[in-house]
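Asker: I have a structure I would like to understand better, so I am pasting it below and will then ask my questions one at a time.
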Amino acid sequence: MSQVSILGTGSCLPERVVPNSYFESIVETSDEWIVARTGIQERRMVLPGQAMSDLATPAAARALEMAGVAASELDLIVVGTSTADMLSPSCACIVQHNLGAKGAVAFDVNAACPGFIFGLSVAMRFLADGTYGRALVVGGEIVSQRIDYQDRATCVLFGDGAGAVVLGPRENPSQGQILSTHLHSDGDLWELLYVPGGGSRIPPSHEMVDKRLGVVKMQGQEVFKHAVRALSEAALEALEHNGLTSGQVDCFIPHQANLRIMEAVAKRLDIPLDKVMKTVHKYGNTSAATIPVALDEAVREGRVKRGDLVLCNSFGAGFTWGSALFRF
């Protein structure tokens, strides 16, 4: 099996900034309440008419530019998302069209918030066994269109965004290496976090909209409890699998869902907070986009440099969760 490297990163956030004060006017909440419970101060949301591929495409283009790889050189495009432009075709096929990556196989992975890590794992294995040579992996969501703006417990949490990485074979010692990925699911807990309407069980209809079945339903306290445990275990699994310790991690990029969850997991792993990459305060929970967006910012700000050991983990609806450990 060949070694696989991350050659470049990219991200794209909508221009529209939505501060906590916006929600004070539509539900019974306050900036202080939101910050104290989530750490979120503002988030980005798309404008009417914008779709997932409108964020995924520029994120991908920036990753390709950093990697020095042309779109025509891509063999594979995997998009981790549960909010594609339409039910069919996949967002990946739209991105392929937008980039002009005619030679790439393209498909989506729907694993909710860990969608990027799931997509990274799939693409890495295609490259490691020699099936493909260059891959683009995108994680992104437009969650703002799946929110009940009358539910103060969920409407303040989410934002929109997309991040991307370009993968290729490790060709020299200066390039990093994806060491391992670890994926998990527990469908027994699906009713704790889900969007009931819009699929084949409850297809789109006026009744579906009237009953608010096309929006996120979440039992927050239960999700919090399971998330902290699962995220901690997945991170330890990655470290132990590679014979490494948390003290060797240069940058920890947890799922940016809630600052309290992030700090609780970092404490369990004994990772100091100055090594934790945080974007939740300005972007909110962007689901599958949180890891690649935070990684791209860390790289471009110099917080992650070539050779650094980076640990990522994520948890979401399904339940699904996973981790990735790599040297950038």
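Asker: Give the relative contact order (percent, whole number) for segment 4-169; include only Cα pairs under 8 Å separated by 6+ residues. Please report the intermediate quantities before stating the final value.
Answerer: Values: 368 pairs, mean separation 56.3, N = 166.
Averaging sequence separation for qualifying contacts and normalising by length gives 34 percent for segment 4-169.
Asker: How high is the relative contact order of the chain? Use alpha-carbon pairs under 8 Å, at least six apart in sequence, and give a whole percent. Mind showing how you got there, number by number?
Answerer: Values: 830 pairs, mean separation 82.9, N = 328.
Relative contact order comes out at 25 percent.
Asker: Please list, by residue number, every one of the chymotrypsin sites (Phe, Trp or Tyr not before Pro) in segment 169-248 that is coil in DSSP and has at most 15 other beta-carbon atoms within 10 Å.
Answerer: Those that pass, being in a loop and sparsely packed, number zero.
Asker: Something else: Test of the criteria: in segment 175-246, which trypsin sites (Lys or Arg not before Pro) are in a DSSP loop and have at most 11 other Cβ atoms within 10 angstrom of their Cβ?
Answerer: Answer in residue order: 201.
Asker: Please report the spacing between the Cα centers of segment 304-328 and segment 213-240 in Å, no decimals.
Answerer: Going from one Cα centre to the other spans 14 Å.
Asker: Which of the lysines could a cross-linker bridge to residue 217, judged by Cα under 21 Å and excluding same-chain residues fewer than eight apart?
Answerer: Excluding near neighbours in sequence, the set is 225.
Asker: Follow-up question, since we're still on this one. Let me know the charge dipole size of the chain about its Cα centre in debye, to the nearest 20, where only the beta-carbon of Lys, Arg (+1) and Asp, Glu (-1) is charged.
Answerer: Numbers: 28 positive and 35 negative charges, 68 e Å.
My answer is approximately 320 debye.
Asker: Continuing with the same structure: Would you work out the relative contact order for segment 166-232, in percent, from Cα pairs under 8 angstrom that are 6 or more residues apart?
Answerer: Relative contact order, segment 166-232: 28 percent.
Asker: Sort 289-296, 181-188 by the packing proxy (mean of other Cβ within 10 Å over each peptide's residues), most packed first.
Answerer: 289-296, 181-188
Asker: Count the net charge of all other residues whose Cβ sits under 12 Å from the Cβ of residue 30, scoring Lys and Arg as +1 and Asp and Glu as -1.
Answerer: -2
Asker: Pull out the extension gain between residue 15 and residue 87, defined as 0.36 nm times the separation in residues minus the alpha carbon to alpha carbon distance; nm, one decimal.
Answerer: On the way: separation 72, 0.36 × 72 = 25.92 nm, distance 2.54 nm.
Full-extension gain reported as 23.4 nm.
Asker: Once you list every other residue whose beta carbon is under 13 Å from the beta carbon of residue 322, what net charge do they have if Lys and Arg are +1 and Asp and Glu are -1?
Answerer: -3
Asker: Is it possible to state the helix-based mean residue ellipticity at 222 nm for the chain, with each DSSP H run of 4+ residues giving -39500 (n - 2.57), the sum divided by total residues, to the nearest 500 deg cm²/dmol? What is it?
Answerer: Details: 11 runs with 109 residues, N = 328.
So the calculated ellipticity at 222 nm is -9500 deg cm²/dmol.
Asker: Cα-based Rg of segment 110-265 per 2.2 N^0.38 Å, rounded to two decimals?
Answerer: Rounded to two decimals, the normalised Rg is 1.23.
Asker: Can you list the aspartates and glutamates whose alpha carbon is less than 12 Å from that of residue 282, not counting same-chain residues fewer than 8 positions off?
Answerer: Residue 282 reaches 42, 160.
Asker: Calculate the all-directions average of the projected area of segment 48-124's alpha-carbon convex hull, and give it in nm².
Answerer: 5.1
Asker: While we're looking at this one, here's another question. Residues with amide H under 5 Å of residue 215's amide H, sequence separation 5 or more or different chain, H placed in the peptide plane at 1.01 Å from N; which?
Answerer: The list, which skips near neighbours in sequence, is 197.
Asker: Please state the charge dipole magnitude for segment 4-169, taken about the Cα centre, from unit charges on C-beta atoms (+1 on K and R, -1 on D and E), reported in debye and rounded to the nearest 20.
Answerer: That gives segment 4-169 a dipole magnitude of about 380 debye.
Asker: If you bin every alpha carbon distance in the chain into 10 Å steps from zero, what whole percent lands in each bin?
Answerer: 6, 28, 37, 22, 6, 0
Asker: Follow-up question, since we're still on this one. With unit charges on the beta carbon (Lys/Arg positive, Asp/Glu negative), name the residue among 123, 48, 144 whose Cα is farthest towards the positive pole of the charge dipole of segment 4-169.
Answerer: Final value for the positive-end residue is 123.
Asker: Only Cα pairs within less than 10 Å get springs; with that Gaussian network setup on the chain, which residue of 220, 168, 49 has the largest fluctuation?
Answerer: 49
Asker: Taking a label point 7 Å from the Cα of residue 201 along the Cα→Cβ vector, which residues of segment 111-150 have an amide N closer than 15 Å to it?
Answerer: 112
Asker: For segment 19-31, in order, what is each residue's ³J(HN,Hα) by Karplus, 6.51 cos²θ - 1.76 cosθ + 1.60 with θ = phi - 60°, in whole Hz (x at glycine and Pro)?
Answerer: So the J values, rounded to whole Hz, are x, 4, 4, 4, 6, 4, 8, 10, 9, 7, 7, 8, 4.
Asker: For a quick protection proxy, order the peptides 6-15, 263-272 by their average other-Cβ count within 10 Å, most packed first.
Answerer: 6-15, 263-272
Asker: Do any trypsin sites (Lys or Arg not before Pro) in segment 1-103 lie in a DSSP loop with no more than 15 other beta carbon atoms within 10 Å, and if so, which?
Answerer: For trypsin sites (Lys or Arg not before Pro) across segment 1-103 that sit outside H, G, I, E and B with at most 15 neighbouring Cβ atoms in 10 Å, the list reads 16, 102.
Asker: Any chance you could get the radius of gyration and Dmax over the Cα atoms of segment 182-328, in Å?
Answerer: 16.9, 54
Values in this text are rule-based calculations from the coordinates and carry no lab data. Since the model is a prediction, treat every value here as computed from it, not as a measurement. Please note: Cβ atoms are built from the backbone with ideal geometry, for glycine as well, and neighbour counts cover all protein chains shown.
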